[in-house]
Amino acid sequence: MTANPLSMPVMSPDTPDPETFSDPTAAVERLIELYDKACTFLTSAFSDVARDSAVPQTRYRAFYPEIRLHTTSHVQTDSRLAFGHVSAPGTYSTTITRPRLFRNYLIQQIGLLIQNHDVPVTIATSTTPIPVHFAVADQPDITVPQEGAMAFSLRDVFDVPDLSTTNDDIVNGLGYNHEDGSEPLAPFTAQRVDYSLARLTHYTATDPEHFQNHVLFTNYQFYVEEFEAYARAVLDDPASGYTSFVGPGNSEITSGGDTINTPAKLPQMPSYHLKRADGTGITLVNIGVGPSNAKTATDHIAVLRPHAWLMVGHCAGLRNSQRLGDFVLAHAYLREDKVLDADLPTWVPVPALAEIQIALEGAVAQVTELEGFELKRIMRTGTVASFDNRNWELREQSGPVQRLSQSRAVALDMESATIAANGFRFRVPYGTLLCVSDKPL
């Protein structure tokens with residue numbers, strides 16, 4: 001007989017009372033304690049239920065931990081940073097998942113909040129349930145079956161992912177507030193982060209722990225080959241600071257001569273990670289061709305809060321003065337990719353970032369050994385247009401050609417504007433450096 005989930009008793013783990021912290025490290029340790037206890041409870045309950053042939057008569061539920069900040073002061077904070085403070089007095093909160101993965105990030109952010117506002121943070125158990133799929137995600141020997149595979153409905157006994165509460169309302173600036181009236185303290189809720197971490201593993205075939213703070217996106221395989229060759233060289237240089245190189249399937253090498261085991265079937269977006277112990281290494285993601293892949297990759301990598309991401313790949317050169325092999329440094333973007341129009345209207349400017357532009361120009365100068373006016377011979381700066389139709393030339397051309405001309409675009413691709421726009425939307429510094437591979441006009 002199937003139990004009625006509305007009348008079933010609910011069992012949850014015991015949790016400590018809310019506690020205030022002025023030490024960010026101690027606050028994060030409490031987050032880890034609460035999260036681990038909740039996941040251990042759900043993992044144990046699921047294992048017991050899966051082994052028992054009887055229909056469960058109890059519902060099991062555990063909750064994400066949360067951070068809460070309350071400030072009453074209008075005192076201006078250090079404006080040199082775009083993070084680590086709130087903009088006005090009020091109560092702010094956010095749910096937290098995988099605090100071990102985000103430990104360094106959380107310590108930094110909580111420390112800045114305490115320092116800038118001179119108030120403690122409160123760590124407690126939230127009222128947001130942890131879906132069982134996410135609670136057991138770190139257990140390689142446990143797989144949650146599809147609905148209908150067990151003798152009972154999974155959602156009657158455990159919480160499952162709820163897409164109605166997994167969205168981008170916070171980053172899209174839609175005036176999101178939590179159910180208790182508190183304002184968001186982070187750009188993503190715990191459910192949104194867990195959703196993306198699961199998608200990252202699926203699309204890239206590497207665990208989120210391997211992703212580094214600096215991310216490169218590319219659209220051709222030979223960039224991957226060059227990146228691996230570079231990684232092998234620096235792994236053999238003790239002064240480089242790099243400790244290992246990880247490829248799809250979590251295959252990891254620690255010296256340049258090691259063999260990396262490549263899976264027989266690569267994932268949709270193979271990712272490669274040149275790691276440093278503190279996470280300041282480089283991740284390269286081969287997103288393939290098209291704005292849809294670019295949006296998918298950046299939608300999910302954004303929850304890891306990288307320090308910057310860049311598009312490095314091929315493009316079509318649109319100026320007669322350009323030659324094959326020339327560089328293009330994007331100073332602006334013409335968004336014809338369509339995939340982000342509902343989240344970030346095209347009337348929102350996506351500006352170039354000065355620090356990124358200077359760094360990329362300096363990198364090209366270093367590699368080519370050209371500077372100043374001479375550098376302009378092989379590198380153009382200007383607008384990069386990103387289209388959603390690779391074969392736009394086969395259709396009526398007057399519209400696209402006119403827009404390319406009016407925007408003074410110097411290059412055309414399918415990914416760069418998407419990556420830049422999502423960087424702007426998610427508050428991740430972004431940039432684009434391309435190489436001219438063809439000239440369609």
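Taking the alpha-carbon distance from Lys37 and a cut-off under 18 Å, which aspartates and glutamates remain once sequence neighbours fewer than 8 residues away in the same chain are dropped?
Asp14, Asp17, Glu19, Glu29, Asp48, Glu66, Asp138, Asp159, Asp194
Collect residues whose amide H, placed 1.01 Å from N in the peptide plane, falls under 5 Å from the amide H of Thr432; neighbours closer than 5 in sequence don't count.
HN-HN under 5 Å from Thr432: Met311, Ala330.
In degrees, nearest 10, range 0 to 90: what is the angle between the Cα axis of helix 354-368 and the longest Cα principal axis of the chain?
The answer is roughly 50 degrees.
Karplus couplings for region 72-86 from phi (6.51 cos²θ - 1.76 cosθ + 1.60, θ = phi - 60°), rounded to Hz, Gly and Pro as x?
Karplus-based 3J(HN,Hα) across region 72-86 equals 10, 9, 9, 4, 5, 9, 4, 7, 6, 10, 8, 8, x, 7, 10 Hz.
Find the relative contact order for region 206-286 and round it to a whole percent, using C-alpha pairs within less than 8 Å whose residues are 6+ positions apart.
42
Specify the angular offset, from 0 to 90 degrees and rounded to the nearest 10, of the alpha carbon long axis of helix 416-426 from the longest principal axis of the alpha carbons in the chain.
Compared with the principal axis, the helix lies near 40 degrees.
What is the list of residues in region 69-96 whose amide nitrogen lies under 19 Å from a point 7 angstrom out from the Cα of Glu355, following Cα to Cβ?
Taking a point 7 Å out along Cα→Cβ of Glu355, the residues of region 69-96 whose backbone N falls under 19 Å are 77-86.
Angle, helix 103-117 long axis vs. longest principal axis of the chain, Cα atoms, 0 to 90°, nearest 10?
Once rounded, one gets 90 degrees.
Can you list the HN-Hα couplings for region 227-244, worked out from phi with the Karplus curve (6.51, -1.76, 1.60; θ = phi - 60°), rounded to whole Hz and with x for Gly and Pro?
Going residue by residue, I get 5, 5, 4, 5, 4, 5, 5, 6, 5, 8, 10, x, 7, 6, x, 7, 10, 6 Hz, with x marking Gly and Pro.
Which of the listed residues, Gln108, Gln76, Pro120, is farthest toward the dipole's positive end in region 10-199, when Lys, Arg count +1 and Asp, Glu count -1 at the beta-carbon?
Gln108
Out of these labelled values of volume of the Cα convex hull per residue in Å³, (i) 266; (ii) 185; (iii) 205, which was calculated from the coordinates shown here?
(ii)
Note the full-extension length gain between Tyr220 and Thr201 as 0.36 nm times their separation in residues minus their Cα-Cα distance, in nm to one decimal.
4.8 nm
Give the residue list of trypsin sites (Lys or Arg not before Pro) in region 407-441 that are DSSP loop and have at most 15 other beta-carbon atoms within 10 angstrom.
On the way: sites: Arg408, Arg425, Arg427; in loops: Arg408, Arg427.
In loop regions of region 407-441 (DSSP not H, G, I, E or B), the sparsely surrounded trypsin sites (Lys or Arg not before Pro) are Arg408, Arg427.
Sort out for me the Cα centre separation of region 365-427 from region 118-169, rounded to whole Å.
42
Quick one: of the DSSP bridges fully inside the chain, what percent are antiparallel, nearest 5?
Numbers: 31 of 65 bridges.
Antiparallel bridges: around 50 percent, rounded to the nearest 5.
Are there chymotrypsin sites (Phe, Trp or Tyr not before Pro) in region 139-241 that DSSP marks as loop and that have at most 16 other Cβ atoms within 10 Å, and which are they?
Working: sites: Phe152, Phe158, Tyr176, Phe188, Tyr195, Tyr203, Phe211, Phe217, Tyr220, Phe222, Tyr223, Phe227, Tyr230; in loops: Phe152, Phe158, Tyr176, Phe188, Phe211, Tyr220.
Sites meeting the loop and neighbour criteria: Phe152, Tyr176, Tyr220.
Can you list which of the GluC sites (Glu not before Pro) found in region 339-410 are DSSP loop residues with at most 14 other C-beta atoms within 10 Å?
Values: sites: Glu355, Glu361, Glu369, Glu371, Glu374, Glu393, Glu396; in loops: Glu369, Glu371, Glu396.
Qualifying residues, ordered by number: Glu369, Glu371, Glu396.
Using Cα pairs closer than 8 Å and at least 6 residues apart in sequence, work out the relative contact order for region 10-199, in percent.
The value is 29 percent.
FYI, it's all coordinate maths here, none of it is from the lab. Only a predicted model underlies this, so the values are computations on that prediction, with no experimental measurement involved. Every residue, glycine among them, receives a Cβ derived from its backbone with ideal geometry; neighbour counts consider all protein chains shown.
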